[in-house]
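What follows is one structure encoded as structure tokens, with my remarks underneath.
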Amino acid sequence: MQINVDKKRCPQNHPCPAVRVCPVKAIRQKGFEAPVVDEKVCIQCKKCIKFCPMKAIQEK
Ligand code: SF4
């Protein structure tokens, strides 16, 4: 299992609030680009998936 950000669902026009939700700081965002999950750091807790109101963060 891997966490993926769907760029089609992410509006990419704001600082991603899910960055602060991740307990291990696995989510990084450059500017307002769609955030990226570092799979080496992610513990797959799925907090970001439940949090994102756009449902842009998904399991794949
Ligand atoms: S699943 Fe959990 S650890 Fe992984 S990126 Fe989302 S919030 Fe962070």
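Throughout, read-outs are computed from the coordinates displayed, never taken from laboratory work. Source: prediction; values computed, not measured. Note that we place each Cβ from the backbone using ideal geometry, even for glycine, and neighbour counts take in every protein chain shown.
Some notes on this structure:
- FRET efficiency for the pair Met54 and Lys25, taken as 1/(1 + (r/R0)^6) with r the Cβ-Cβ distance and R0 = 22 Å, rounds to 0.60.
- Residues in the range 34-60 reached by a label modelled at Met1 [backbone nitrogen below 18 Å; 7 Å Cα→Cβ]: 37-52, 55-60
- In sequence order, the range 5-18 has phi-based couplings of 9, 7, 5, 6, 8, 7, x, 6, 9, 7, x, 5, x, 5 Hz under the Karplus curve 6.51 cos²θ - 1.76 cosθ + 1.60, θ = phi - 60°, and Gly or Pro positions carry x.
- Shown for the chain: lysine pairs separated by 8 or more places, or found on different chains, whose C-alpha atoms are under 19 Å apart, numbering 21.
- Taking a ≥ b ≥ c as the square roots of the eigenvalues of the Cα gyration tensor, an a/c ratio of 1.5 or more together with a/b larger than b/c marks the chain as prolate.
- In order along the range 26-37, the phi-based Karplus estimate (6.51 cos²θ - 1.76 cosθ + 1.60, θ = phi - 60°) of 3J(HN,Hα) comes to 8, 9, 10, 9, 9, x, 9, 4, 4, x, 10, 9 Hz; Gly and Pro are listed as x.
- For Cys45 and Asn13, the FRET efficiency from 1/(1 + (r/R0)^6), where r spans their Cβ atoms and R0 equals 30 Å, is about 0.70.
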